[in-house]
Amino acid sequence: MALGKFQRAIQDEQGRQDKQGRQDKQGRLAAMAEAAVPALPDPAQPEAAKPKGRAAKVKARIKGKAADLHGPSPNSATNLVIADIALRGGAAIARRAVEHALLGKSYAPRKATAILKGRSLGESLAHGVLARVALTSVPGAIMVVGGLAAKTLYDRSRARKAKANGQKQLNDMAKDGAEG
C-alpha cells in the first residue's frame, strides 16, 4: 500500500518536473550563473551589516532560494522515505508520551511502563486497525467514535464494576510487562 503511494508521488513529481522543465530551465541557468559568479562586496555597506558568526556565513554561502530546495536529497523518492520515517518516528514518540501521561495520573511511572509493555500483540493490532479505519473514511470514523462513546457510556453506567475490571486488566498487563 505504501509502495503505491510512493510510486504515485514519484510519478506526480516527474510529471510536474517535465511540465515545468522547459519553463524553468532558462531561469535555473540564470540562477546558476549568478551563483557561480561571486558578488563583489559593496563598499557602501557598513562592516556591521556583514554576516557574523559561523551560521550566518554558512547561510550566506547557500546557493539557491528556499523555494528551490525540495528536501535534503535531489531524489524525490528518497525525500519521501525520509519524510515517512520522520513522521512515523515522531508519531510513535508522541503516542508514547500521551500514553504515559494518561497512565501517569493514576499510576507510578514504573507501573505505567509495565502496563504499556504488557499489551498483547492482538491488542496492539486491534488498536492499529481501529485507528486506520477511523482515519481512512468518514463512516469508519463515525463507527469507531460511536463504538468508543457507547463503551464509555456503558462503563459509566456500571462504574464500580468497570473500575474493578479495569484495575484487574491493568494489573495483569503490568504483571506481564514486568515479566517480559
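Here, each number is a calculation from the coordinates, and none is a lab measurement. All of these numbers come straight from a predicted model, not from anything done at the bench. Virtual Cβ from ideal backbone geometry, glycine too; neighbours counted across all protein chains shown.
Once you list every other residue whose beta carbon is under 14 Å from the beta carbon of residue 104, what net charge do they have if Lys and Arg are +1 and Asp and Glu are -1?
Values: positive: 96, 105, 110, 111; negative: 99.
With Lys, Arg at +1 and Asp, Glu at -1, the neighbours total +3.
Quick one: 3J(HN,Hα) in Hz for the stretch 76-83, Karplus 6.51/-1.76/1.60 with θ = phi - 60°, rounded, Gly and Pro as x.
Going residue by residue, I get 5, 5, 5, 4, 5, 5, 4, 5 Hz, with x marking Gly and Pro.
Pick out, from 137, 154, 124, the residue whose Cα sits farthest towards the positive end of the charge dipole of the stretch 118-179, with +1 on the Cβ of Lys and Arg and -1 on the Cβ of Asp and Glu.
154
Packing-wise, with mean Cβ within 10 Å as the measure, how do 163-175, 118-130 rank, highest first? Can you show the working numbers first?
Details: 163-175: 13.5, 118-130: 11.5.
So the order, starting with the most tightly packed, is 163-175, 118-130.
Scan around residue 118 for amide H atoms under 5 Å from its own, H built in the peptide plane at 1.01 Å from N, and keep only partners 5 or more places away or cross-chain.
When sequence neighbours closer than 5 places are left aside, the close amide H contacts are 177.
Taking the convex hull of the Cα atoms, report for the stretch 118-179 its projected area averaged over all directions, in nm². Numbers along the way, then the final one.
Values: hull surface 18.5 nm².
Averaged projected hull area, Cα only: 4.6 nm².
How large is ³J(HN,Hα), in whole Hz, for each residue of the stretch 114-129 in order, when computed from phi with the Karplus curve 6.51 cos²θ - 1.76 cosθ + 1.60 and θ = phi - 60°, using x for Gly and Pro?
Values per residue, Gly and Pro as x: 5, 4, 5, 6, x, 5, 7, 4, x, 5, 4, 5, 4, 5, x, 5 Hz.
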